[in-house]
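The values are calculated or read from the model by the stated rules, or taken from the named source; none is laboratory data. All of these numbers come straight from a predicted model, not from anything done at the bench. Please note: Cβ atoms are built from the backbone with ideal geometry, for glycine as well, and neighbour counts cover all protein chains shown.
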């Protein structure tokens with residue numbers, strides 16, 4: 001999942017249905033793109049970076065070293081699978 005994109009949507013109070021409609025795709029198609037089942041097109045990426053005012057690198061970053069997840073406003077950082085144990 002593209003966490004930075006999801007966070008931008010939450011920050012700007014943009015709903016999946018609204019964004020999918022703006023992109024002229026179904027809600028399921030958008031969900032598949034967010035979950036990595038299908039790729040975002042260049043046109044999608046250009047529209048999303050413009051809408052949220054962020055660069056491609058920022059909006060679509062997938063961190064290898066750590067992953068952040070947020071649940072009910074609490075952010076938890078997790079180490080990659082190959083991180084050495086302390």
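The residues on offer are 50, 24, 66, and the sole one that is under 15 Å from residue 1 (Cα atoms) and either at pLDDT 95 or above or exposed (fewer than 12 other Cβ atoms within 10 Å of the Cβ) (or both) is 66.
What's the total number of residues in segment 33-57 that are under 17 Å from residue 16 (Cα atoms), touching a residue at least 12 places away in the same chain (Cβ under 8 Å) and not in a helix (DSSP H, G or I)? The total comes to 3.
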